[in-house]
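The values are calculated or read from the model by the stated rules, or taken from the named source; none is laboratory data. Just so you know, these numbers come straight off a predicted model, no measurement behind them. Note that each Cβ is placed from the backbone with ideal geometry, even for glycine, and that neighbours are counted across all protein chains shown. When the accessible area is computed, the model is the full protein with side chains, heavy atoms only, and any ligands, DNA or RNA have been set aside. Shrake-Rupley method; radii C 1.70, N 1.55, O 1.52, S 1.80 Å.
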Amino acid sequence: MTELAELLAMIQSLEVKLHQPVTRTNASAVGALLHDDFEEIGRSGQCYDKQQTVTALLREHGQAEIFSEG
C-alpha cells in the first residue's frame with residue numbers, strides 16, 4: 001500500500017469513527033477528531049465552527065445510524 005493510500009485509509013477510518021453514536025455523544029472524542037480551525041457548511045448554507053459542531057452533536061438524540069461507503 002502506498003503512503004497516500006495509507007493516509008486515505010486512516011482519514012476514512014477517522015470519518016467513520018465520527019459517525020458512531022458513542023463518539024458523537026462524547027465531546028472529548030469529537031474534539032480530538034476535529035481540528036481547532038474546523039468549519040462546516042450545513043445544508044442551510046450556515047457555517048459552523050468546531051465548538052458549535054461539538055455542541056450540536058451532544059444534543060443529537062434518536063438520530064438515524066450513519067452508514068458510509070468508499
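Under the criterion of Cα pairs below 8 Å and six or more residues apart, the relative contact order for the chain equals 31 percent.
For the chain, the per residue solvent-accessible surface stands at 82 Å², with DNA, RNA and ligands left out and a 1.4 Å probe. Shown for the chain: the carbon plus sulfur share of the solvent-accessible area, taken with all protein chains present and a 1.4 angstrom probe, equals 54%.
Protection proxy ranking, highest mean first, for peptides 24-31, 53-60, 42-49: 24-31, 53-60, 42-49, where packing is the per-residue count of other beta-carbon atoms within 10 Å, averaged.
This model, with +1 at the C-beta of Lys and Arg and -1 at the C-beta of Asp and Glu, gives the chain a dipole about its Cα centre of some 320 debye. Debye-formula intensities of the chain, expressed as log10 I(q)/I(0) at q = 0.17 Å⁻¹, are -0.71 (one equal scatterer per alpha-carbon, no solvent).
Calculate how steeply helix 50-59 sits against the longest principal axis of the alpha-carbon atoms of the chain, using the helix alpha-carbon long axis, and give the answer as 0 to 90 degrees to the nearest 10. Roughly 70 degrees between the two axes. Rounded to whole numbers, the Karplus 3J(HN,Hα) couplings from phi for the stretch 3-13 are 4, 5, 5, 5, 5, 4, 4, 5, 4, 4, 5 Hz, using 6.51 cos²θ - 1.76 cosθ + 1.60 with θ = phi - 60°, and x at Gly and Pro.
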